[in-house]
Amino acid sequence: MEPEVDETPVEAIKRESAQLRGTLAEELSSSTANVSHDAEQLLKFHGVYSQDDRDVRRERSLAKEALEFIFMLRVAIPGGRLTAAQWLALDTIADEVADGSIRLTTRQAVQFHGIGKRGLRPLVQALDRNLMTSFAACGDVVRNVVACPDLTLHDPEGRLARMVDHLAVAFRPKTQAYWELFVNGEPAVAAPVVEEQPYFGDNYLPRKFKIAIAHPNDNCVDVFAQDLGLIPAVHPELGEGFSVVVGGGLGRNYANEDTFARLADPLTFATDDEVDGVIAAVLSTYHDLGLRNDRRRARLKYLVADSGYDAFRVEVETRYGSPLRPPLTGWVPTAAADHLGWSTLGDGTLQLGVRIGAGRIRDFDGGPQLRTAFRRLAQELKVHFAITAQQDLVVAGVPVDQRHFVDSLLLELGITAVDQLGPVERQALACVALPTCGQALAEAERRLPETVDLLEKTLQTSGVSGRSLQLRMTGCPNGCARPAVAEVGLVGRTKTGYDLFLGGGPRGDRLATLFKEKVKIDDVPELLQPLLEKWTSEGEAGEAFGDYLHRAGLL
Ligand code: SRM
Ligand code: SF4
């Protein structure tokens, strides 16, 4: 089949892949360390990224040696919820086929890094045995469904927890390719055997599509950064349902000035029974009308922005088949909880949110023994877990009489108690960036600790006390740690230069403003100090830094 005029090469690869199979069966079994370019594109749909260790890329190239090929595998974990058995399986995988770490992501998923090609199938099989999957964790499909942990942990069998699990399954592609390629081990057959959803067709979506369910009082999931967000709401006549917002996304690209971060717009109110239909109508609109000739502008937000909100809404309505209700008015997020520390669950047991720096769980040499801690808790207390959208981990179901045991264990294993966390450290996020991310222009995760220290010192010298400051850092403008809605966002631009964004905020309802380009990390204190001093002397009680900067017209 000839590619359509102007479409990107990835479109033809998808369409001709026989439902995401392509040459993967042969390539996964071959003796080479890497896979072909086309296979790389298809692997993403199965949750796998082909990468190389960028720390040794230059020396390998200079020595004319092959790159250090490695793979990253992302496990899609709806709402971030895991049983103790699932956690223990992830812990085993980290040692057996990955680099010894479990990396929690900003979308409540888990990533394994540094996997050899031969490790991929055993890894997926271990996931499958424990009812987990990497399928559709990446690729041009509906990604991991994110949800505020309070919605699911307080009522694990309740309406909202069930909705998270339902959406994760309902909007996953139907192809059996993943099962054949990775789990069953049989060579994949060439012909599609199941009919895909019409909104996936044979070419799937133009790009990724992200769904999150927010708590009505807690925007910890950054619902306005999603392609489609659901906010539980009560309609005056229809009762419980969801406010649906569409068209958010935070990535930008330096090579294309016409790319931008965008917050989602209210679309409609949908009852529980109507949610699937509304999502399907949005997906169908996106599938048919989203750009397929430029992957940098192929996200839903550009379709909404380019066609205009009203025209987009009419299109969705037509596909939905009946009038969409007007969105409910009046919902504004009041805060975003970090879910750290102790609290009591609906069943009387306790939960403890533990801060994980940049989501990296490992036993650090001379530092916190995070993997050991969570392994022991899973083994000894049979707790369950929830990953937060802040890359942290909530240990749930702790019997009340075991609180002291848990506190002592974490202390013994060098894990900082929540009340000892600094005001920047507590909520700072960083993306993975170097050495694995192929798109990174600068460091993020590895420079987070020093950046946090620097900002905490700056808060002190500026006389700010008792207030927190939200820092988010990424190695490039794709924005994986959501710096575009942060109070302080550092976005990698050159090897050591970052664009400094200011003025977002914990509620996630306002985009940050570019304050200065190509700033060195060491220069950030000098830029921030005058603003922080003004904030502490002129800001109102309880006023967040980002809110103050806006009110005072400093951006
Ligand atoms: Fe992301 C691409 C990591 C959340 C926007 N993201 C990548 C890749 C796969 C790099 C690549 O394409 O080669 C990164 C893997 C690096 C590595 O070595 O592990 C990567 N993104 C991450 C994670 C792991 C960041 C983290 O440190 O936690 C997050 C995984 C989420 C998950 O579990 O599914 C992650 N990425 C996000 C978010 C935040 C969110 O969704 O809440 C965003 C901004 C929101 C958005 O989508 O607009 C985000 N990632 C991107 C983009 C820009 C997409 C765009 O169209 O604008 C890319 C680039 C791309 O897709 O080509 C990207
Ligand atoms: Fe990589 Fe850029 Fe995402 Fe960071 S923001 S993980 S550097 S793609």
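The values are calculated or read from the model by the stated rules, or taken from the named source; none is laboratory data. Predicted, not measured: the structure shown is a model, and the values here were computed from it. We place every Cβ from the backbone using ideal geometry, glycine too, and count neighbours over all the protein chains shown. Please note that ligands, DNA and RNA were not included when accessible areas were found on the heavy atoms of the full protein model with its side chains. Shrake-Rupley method; radii C 1.70, N 1.55, O 1.52, S 1.80 Å.
Taken one residue at a time, the phi angles of the stretch 348-362 give Karplus couplings (6.51, -1.76, 1.60, θ = phi - 60°) of x, 7, 10, 10, 10, x, 10, 6, 10, x, 6, x, 8, 9, 8 Hz. Gly and Pro are set to x. Solvent-accessible area of the stretch 438-555 (1.4 angstrom probe, protein heavy atoms only): carbon and sulfur portion equals 48 percent. Applying the Karplus relation 6.51 cos²θ - 1.76 cosθ + 1.60 with θ = phi - 60° to the stretch 102-111 yields 3J(HN,Hα) values of 10, 9, 7, 9, 6, 10, 6, 9, 10, 10 Hz, where x marks Gly and Pro. The residues of the chain have, on average, 40 Å² of accessible surface per residue, using a 1.4 Å probe with all protein chains present. Sorted on the mean count of surrounding Cβ atoms within 10 Å across their residues, most packed first, peptides 104-115, 449-460 read 104-115, 449-460.
Distance between the modelled labels on Ser307 and Arg551, one decimal in nanometres: 4.0 nm (7 Å Cα→Cβ projection). When the Cα atoms of the stretch 220-280 are aligned to their principal axes, the ranges along those axes come out at 48, 24, 15 Å in descending order.
Each Cα pair under 8 Å and six or more residues apart adds its sequence gap; the mean of these over the residue count of the stretch 1-63 is a relative contact order of 25 percent. In the assembled protein chains, Ser30 presents an accessible area of approximately 40 Å² (probe radius 1.4 Å). Placing a pseudo-label 7 Å from each Cα along the Cα-to-Cβ vector at Asp55 and Arg162 gives an inter-label distance of 4.8 nm. Once the Kirkwood radius over Cα pairs is known for the chain, the Stokes-Einstein relation at 10 °C and 1.306 mPa s delivers a diffusion coefficient of 66 µm²/s. Computed in the context of the full set of protein chains, the accessible area of the stretch 278-425 at 1.4 Å probe radius has 52% of its extent on carbon or sulfur. A simple count of charges around Gly508, restricted to other residues whose Cβ falls under 12 Å of its Cβ and scoring Lys, Arg +1 and Asp, Glu -1, yields 0.
Taking 0.36 nm per residue of separation and subtracting the current Cα-Cα distance, fully stretching the chain between Asp294 and Ala126 would add 56.8 nm. Extending 7 Å from the Cα toward the beta-carbon at both Asp276 and Asp258 defines two label points whose distance is 3.8 nm.
Taken over the alpha carbons of the stretch 463-522 as equal point scatterers, the Debye sum produces base-10 log I(q)/I(0) values at 0.12 Å⁻¹ of -0.26. For the stretch 124-152 versus the stretch 287-305, the inter-centroid distance based on Cα atoms is 24 Å. With Cβ to Cβ distances under 10 Å as the rule, what net charge do the other residues near Ile521 carry (K, R +1; D, E -1)? Local net charge: -2. For Asn253, the amide hydrogen comes within under 5 Å of the amide hydrogens of Thr259, counting only partners 5 or more places away or on other chains and with H modelled in the peptide plane. Gly539 sits among other residues whose Cβ lies under 13 Å from its own Cβ, and their net charge, with Lys and Arg +1 and Asp and Glu -1, is -3. Using the Karplus relation 6.51 cos²θ - 1.76 cosθ + 1.60 with θ = phi - 60°, the per-residue 3J(HN,Hα) values for the stretch 411-421 come to 4, 4, 8, x, 9, 5, 5, 4, 6, 9, 6 Hz, with x marking Gly and Pro. Cysteine residues of the chain whose C-beta has no other cysteine C-beta under 4.7 angstrom: Cys138, Cys148, Cys220, Cys437, Cys476.
For the stretch 355-419, with equal point scatterers placed on the C-alpha atoms only and solvent neglected, what are the log10 I(q)/I(0) values from the Debye formula at q = 0.15, 0.19, 0.20 1/Å, to two decimals? Each listed q corresponds, in turn, to -0.44, -0.72, -0.80. Distances between placed amide hydrogens fall under 5 Å for Ile77 paired with Val110, all partners being 5 or more residues away or on another chain. Within the same chain, lysines fewer than 8 places from Lys516 are excluded, and of the rest, those with a Cα less than 27 Å from its Cα are Lys301, Lys457, Lys495, Lys534. For the pair Arg15 and Ser36, the difference between a 0.36 nm per residue extended length and the Cα-Cα distance amounts to 5.9 nm. With contacts taken as Cα pairs under 8 Å at a separation of at least 6 residues, the stretch 243-293 carries a relative contact order of 32 percent. Using the Cβ-Cβ distance between Thr344 and Val314 with R0 set to 56 Å, the FRET efficiency from 1/(1 + (r/R0)^6) comes to roughly 0.75.
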